[in-house]
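Trainee: Take this structure first; my questions come after.
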Amino acid sequence: MAEHRFEDFNGLVMYRKNYKEKDMLVKILTDRFGKKMFYLRGANKPKFRLSAAILPFTQAAYGGDIRDDGLSFLNNVKSASQFQSISNDLFLNAYATYILGLVDVGFPDSEPLGSWYPKIEQALTLIDEGFDAAVITHIIEIQMLQVFGVQPQLQVCAVCGRSDLPFDYSEHYGGLLCQRHWHLDHNRFHGSQRAIYYLRLFSVIDLFQIQSVNVKQTTQMELKTIIDRIYQDTVGLSLKSKQFIDKMYSFDRQLPQLKKMPSEIDSTPKDD
Ligand SMILES: [Zn+2]
C-alpha cells in the first residue's frame, strides 16, 4: 500500500522543462515503471549535483523515490551516458525526438513498457551508432502501429491469405492485397514492390539482430509517403517533432519528384 518507495531503475531522459525559477521537470522513460515525471529541485542552479544525469538523450541507472501518482524524485545516479551523435546532430536529434514523442503518446504514464523499453533503447543506440535514422524510425513507426491499436495484415493477403503474389497496401482491407485482389480496392496505395517489401520486412525485423540497412533513397521516400499516410489516416497523429522531420526532409531531399499522385508511382517490380 506504500504510495511511494525508493527504487533502483534504468531510464532514458525523454524531455525536460524548466519549472519555477530554479527547478526542473524531467520526464524519464524507466524500464520498470514506464514513463515518469520527476521533480528536480534546484536543477537550474549551477553545479547541480545530478545535472549530467538529466541531459537530453541520456540513459542512466537511477535511484529515486517513485510515486504512484504525481511527481517522482531522483536521489542518485550511477553510470549516466549520453547518446553523443544524437545530441550533436540536428537531424539525428529530430528522429530520436520523434521516436520518444511516439512513445510519449503511445503509452500511458506509469505503465511498464515491457519489451518496448529495450526496443526503444536499441533504436536510439542504432541511430547514435550511425544506422540510417530514417530507416530505424520507420521500423519503430511500423512496429508501433499495434500500440496505437492498428494491426495491419502485413504478411499475407488480407482477403485470401496468399503470400506468393505481388502485394499492394489497402487501407480499406487493413493490410496487404495480393495481385489477384487488387481490383477490390481502387484506392490501394499503388506502392512499388520494393517499398511494400520493406514495409513487410520492417514489421517483423528485430532491431537487436539488424546488421546493416541499405534502402535506396527513392524507395525510402516512397516508404515515408506510405507510412505517413497510414499514420495520418488510421492513427491520426500530428506530432510537432514529426512536422519538423517533414520540413527537414523536404528541404534536404528535394521532395518535388515524389509529389506525383500515388497512382503514378505504380508497381514496378524492379525499381533499381
Ligand atoms: Zn488475395
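The values are calculated or read from the model by the stated rules, or taken from the named source; none is laboratory data. This one's a predicted model, so the numbers in the text were calculated from it and none came from an experiment. Cβ atoms come from the backbone with ideal geometry, glycine included; neighbour counts cover every protein chain shown.
Trainee: Filter the range 153-165 down to the residues that are more than 8 Å from the ligand (Cβ to nearest atom), surrounded by fewer than 15 Cβ atoms within 10 Å (Cβ to Cβ) and not acidic (Asp, Glu) and list them by number.
Mentor: Once the filter is applied, which keeps residues that are more than 8 Å from the ligand (Cβ to nearest atom), surrounded by fewer than 15 Cβ atoms within 10 Å (Cβ to Cβ) and not acidic (Asp, Glu), the range 153-165 yields Gln155, Ser163.
Trainee: What's the number of the condition Ile136 fails, among (1) closer than 23 Å to Val235 by Cβ; (2) within 16 Å of the ligand (Cβ to nearest atom); (3) of a type outside the set (Ser, Thr, Tyr)?
Mentor: With (1) closer than 23 Å to Val235 by Cβ; (2) within 16 Å of the ligand (Cβ to nearest atom); (3) of a type outside the set (Ser, Thr, Tyr) applied to Ile136, the lone miss is (2).
Trainee: Tell me, please, whether a residue that is small (Gly, Ala, Ser), over 25 Å from Ser241 (Cα atoms) and not assigned by TED's automatic domain parsing to the domain that holds Ile28 can be found in the range 187-204.
Mentor: Within the range 187-204, the first condition is being small (Gly, Ala, Ser), and the residues that meet it are 191-192, 195, 203.
Narrowing further to those that are over 25 Å from Ser241 (Cα atoms): 191-192.
When the remaining residues are screened for being not assigned by TED's automatic domain parsing to the domain that holds Ile28, the result is 191-192.
Yes, the range 187-204 has at least one match.
Trainee: Inside the range 179-204, can you point out the residues that are within 16 Å of the ligand (Cβ to nearest atom) and part of a helix (DSSP H, G or I)?
Mentor: Gln179, Arg180, His181, Trp182, His183, Leu184, Gln193, Ile196, Arg200 - these are the residues of the range 179-204 that are within 16 Å of the ligand (Cβ to nearest atom) and part of a helix (DSSP H, G or I).
Trainee: Right, here's the next one. What do you reckon, is Leu239 crowded, with 19+ Cβ neighbours inside 10 Å, within 20 Å of the chain's Cα centre (by Cα) and away from the ligand (no atom under 16 Å from the Cβ)?
Mentor: Details: crowded, with 19+ Cβ neighbours inside 10 Å: no; within 20 Å of the chain's Cα centre (by Cα): yes; away from the ligand (no atom under 16 Å from the Cβ): yes.
The answer is no for Leu239.
Trainee: If you don't mind, another one. Any chance the range 205-223 includes a residue that's within 16 Å of the ligand (Cβ to nearest atom) and closer than 28 Å to Leu100 by Cα? Lay out the reasoning, then the answer.
Mentor: Of all residues in the range 205-223, those within 16 Å of the ligand (Cβ to nearest atom) come to none.
No, because not a single residue in the range 205-223 is within 16 Å of the ligand (Cβ to nearest atom) and closer than 28 Å to Leu100 by Cα.
Trainee: Which of the helices (runs of 4 or more DSSP H) contained wholly in the range 78-178 include at least 1 residues that are assigned by TED's automatic domain parsing to the domain that holds Ile230, over 11 Å from the mean Cα position of the chain (by Cα) and modelled with pLDDT under 95?
Mentor: Details: elements: 84-88, 90-106, 116-128, 133-144.
Fully inside the range 78-178 and qualifying: 90-106.
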